[in-house]
Protein chains: 2
Amino acid sequence: MKETLHIFKVGGKVIDDDQELEAFLRSFAVVKSNKVLVHGGGKIATEIAERLGIKTQMVEGRRVTNQAMLEVVAMVYGGLVNKKMVAQLQGLGCNAIGLSGADMNYITATKRPTDPVDYGYVGDVQHVDSQALAGLLQQNITPILAPLTHDGKGQLLNTNADAIASAVAIALSEQFAVNLYYCFEKPGVLTDIEDDASLIENLTYDAYQSLKQQGVIANGMIPKLDNAFHTLQQGVSQVYIMHHQQIEHIQQHLTATTLCL
Amino acid sequence: MKETLHIFKVGGKVIDDDQELEAFLRSFAVVKSNKVLVHGGGKIATEIAERLGIKTQMVEGRRVTNQAMLEVVAMVYGGLVNKKMVAQLQGLGCNAIGLSGADMNYITATKRPTDPVDYGYVGDVQHVDSQALAGLLQQNITPILAPLTHDGKGQLLNTNADAIASAVAIALSEQFAVNLYYCFEKPGVLTDIEDDASLIENLTYDAYQSLKQQGVIANGMIPKLDNAFHTLQQGVSQVYIMHHQQIEHIQQHLTATTLCL
């Protein structure tokens, strides 16, 4: 039987709040068995860019990354956010290592085509070296993955953290039984975004298609769920959409949206 | 017989110049056998700090690191400089990994006492986990070390790159025959700082003491050479002080100051 691997993806909101982040990392540190954390960037990159006089431009929720912005995300994601988390986790007894896709060449990506939108130095995942990550896990080292990749020719690229989480989950599912947790600030997929009680506890692919058609599931949830169902189709064992505070309940009494095919 | 390990320390001047850096990395990438690169920060941290409205304060050539400055050095050293180098090396066929001391817990440090000077979040190396680095080298992965450590309790610390290079060299000399190269913008130790032809090709510890007393060797060279002789005393095989462009000649015809006990 395959060993279990828990992969958590946390987004901006947790990273922007020191107390929430510390609570999350405390729970993450005590998760038994193999684990990986994938983090986004939060508002910090936008704030630092602003203070440096670099304008942030977003198209469909994605950051346009020119040379100056690439330097900001390399600094903020790869340096500030990633290294602070790694140091915090070491303080909590979790032997973490922070990685960009360039480190150990573990993710190569291709620069996104400039048509219809030129996102600049933004990369779409091309290949994950699952052996590089599995080798760390075998040594009880916990990878903390920043949303940065590279093209294998010397160029860093800015890459969406959800996409990194799903690519890594798929690549590692050959060797591990992977549970993938997309964490955010809502309890899961809701039929009414204003009402946390409207949580869909189990969401099948068919039900998702129908709710999407009805407009009940919309906006930012669509790329997230498309991504998430794709990982299930590609061999990931379990996929959950949940509030980041639920991390302490993953072994029992988890409140989340569980996806099923 | 022990395998050879080459450890290079590069300072700010190389990092500040894209062309010099690329040339250095090209030569570094093709060095055969085990290798490690330790990098300083260059002027970029000072420039970014200034653009962010954070004042740089130096005491005896060392950066005073308050909370705001720690965030700058985590960003610049751990993110911008380190990750860009790693991506460049991958493009040159060298399987690099960028590390702060917190990553894999490979260096713990103690925050420097606040008396006589309060340097803030500056750490002095306490322990190097040589097995963590040796494990990477055995897998043909090349560590690229940023001048950042941690206290093991959750706190990142700013640490001098020369000190990291010497601590790592000493720790790895149990397992490897270590050649340590301190690279900078002069051909080595000079008797006349204005005259590159005044290079001292071989410098014994006794000669160093005498030149120091005569005031021939002074200022910034003293801590560097004290550090360097210390590593020789602690088991490092060879220590060189040299121009960074000499990296292409390390196998033969090296022009440098070679230290001897």
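The values are calculated or read from the model by the stated rules, or taken from the named source; none is laboratory data. Just so you know, these numbers come straight off a predicted model, no measurement behind them. Here the Cβ is made from the backbone with ideal geometry for all residues, glycine too, and neighbour counts use every protein chain on show.
The numbered conditions (1) away from every other protein chain (no Cβ under 13 Å); (2) in contact with an Asp or Glu (Cβ under 9 Å, 6 or more places away or on another chain); (3) closer than 28 Å to A:Leu156 by Cβ; (4) modelled with pLDDT of 95 or more are all true for B:Thr56 except (4). For A:Asp17, the conditions (1) more than 21 Å from B:Ala102 (Cα to Cα); (2) acidic (Asp, Glu); (3) at pLDDT 95 or above are fulfilled apart from (3). Each residue in region B:35-60 was checked for being in contact with a strand residue (DSSP E or B) (Cβ under 7 Å, 6 or more places away or on another chain), more than 18 Å from B:Ala74 (Cβ to Cβ) and among the hydrophobic types (A, V, I, L, M, F, W, C), and 2 pass.
Restricting attention to region B:61-115, which residues are over 24 Å from B:Ala49 (Cα atoms), among the polar types (S, T, N, Q) and more than 7 Å from chain A (Cβ to nearest Cβ)? Hits for region B:61-115 are B:Thr108, B:Thr110.
Suppose we filter region A:14-36 for residues that are in contact with a His (Cβ under 8 Å, 6 or more places away or on another chain) and in a helix (DSSP H, G or I); how many remain? Step through it out loud before you land on a result.
Narrowing region A:14-36 to residues in contact with a His (Cβ under 8 Å, 6 or more places away or on another chain): A:14-15, A:20, A:24, A:31, A:33-36.
So of that shortlist, the ones also in a helix (DSSP H, G or I) come out as A:14-15, A:20, A:24.
Here the count works out to 4.
All conditions in (1) hydrophobic (A, V, I, L, M, F, W, C); (2) assigned to a helix (DSSP H, G or I); (3) free of Cβ contacts under 8 Å to residues at least 24 places away in the same chain hold for B:Met69, with the sole exception of (3). Quick check: is even one residue across region A:22-34 within 24 Å of B:Tyr77 (Cα to Cα), of a type in the set (Gly, Ala, Ser) and without any contact (Cβ under 8 Å) to a residue 60 or more places away in the chain? Checked against the condition, which is being within 24 Å of B:Tyr77 (Cα to Cα), of a type in the set (Gly, Ala, Ser) and without any contact (Cβ under 8 Å) to a residue 60 or more places away in the chain, region A:22-34 yields no hits at all.
For A:Pro116, state whether it is in contact (Cβ under 8 Å) with a residue 24 or more places away in the chain and either buried (at least 17 other Cβ atoms within 10 Å of the Cβ) or under 30 Å from A:Thr56 (Cβ atoms) (or both). Criteria not met by A:Pro116. Only one residue in B:Gly154, B:Gly188, B:Gly215, B:Gly235 is closer than 30 Å to A:Gln19 by Cβ and among the small types (Gly, Ala, Ser). Which one? So the residue among B:Gly154, B:Gly188, B:Gly215, B:Gly235 that is closer than 30 Å to A:Gln19 by Cβ and among the small types (Gly, Ala, Ser) is B:Gly154.
One line per residue, one yes/no per condition, for (1) within 11 Å of A:Thr257 (Cβ to Cβ); (2) crowded, with 19+ Cβ neighbours inside 10 Å; (3) under 19 Å from the mean Cα position of the chain (by Cα):
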position	(1), (2), (3)
A:Glu174	no, no, no
A:Leu180	no, yes, yes
A:Asp196	no, no, no
A:Val216	no, no, no
A:Leu225	yes, yes, yes
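Figure legend. Inter-residue proximity from region A:202-219: first residues under 16 Å from A:Tyr240 (Cα atoms) and modelled with pLDDT of 95 or more, second residues surrounded by 12 or more Cβ atoms within 10 Å (Cβ to Cβ) and small (Gly, Ala, Ser), beta-carbon distance below 9 Å, spacing 6+ or different chains. Indicated pairs: A:Leu203/A:Gly188.
Looking only at residues in region A:145-161 that are of a type outside the set (S, T, N, Q) and either surrounded by fewer than 21 Cβ atoms within 10 Å (Cβ to Cβ) or free of Cβ contacts under 8 Å to residues at least 24 places away in the same chain (or both), which one is nearest to A:Gly11 (Cα to Cα)? Lay out the reasoning, then the answer.
Step one: list which residues in region A:145-161 are of a type outside the set (S, T, N, Q), which gives A:145-148, A:150-154, A:156-157, A:161.
Filter once more, keeping what is either surrounded by fewer than 21 Cβ atoms within 10 Å (Cβ to Cβ) or free of Cβ contacts under 8 Å to residues at least 24 places away in the same chain (or both): A:151-154.
On the way: A:Asp151: 24, A:Gly152: 26, A:Lys153: 29, A:Gly154: 27 Å.
The residue in question is A:Asp151.
Within region A:30-48, the residues that satisfy the criterion of being of a type outside the set (S, T, N, Q), away from chain B (no Cβ under 11 Å) and over 16 Å from A:Leu99 (Cα atoms) are A:Val30, A:Val31, A:Lys32, A:Gly42, A:Lys43.
Scan region A:129-139 and tell me whether some residue there is at pLDDT 95 or above and in contact with a Pro (Cβ under 6 Å, 6 or more places away or on another chain).
Our first condition is that a residue be at pLDDT 95 or above; within region A:129-139, this holds for A:129-139.
Right, trim to in contact with a Pro (Cβ under 6 Å, 6 or more places away or on another chain) and you get A:133, A:136.
Looking through region A:129-139, at least one residue is at pLDDT 95 or above and in contact with a Pro (Cβ under 6 Å, 6 or more places away or on another chain).
Every condition in (1) out of contact with any helix residue (DSSP H, G or I) (no Cβ under 7 Å at 6 or more places or on another chain); (2) surrounded by 24 or more Cβ atoms within 10 Å (Cβ to Cβ) holds for B:Thr4 except the one numbered (2).
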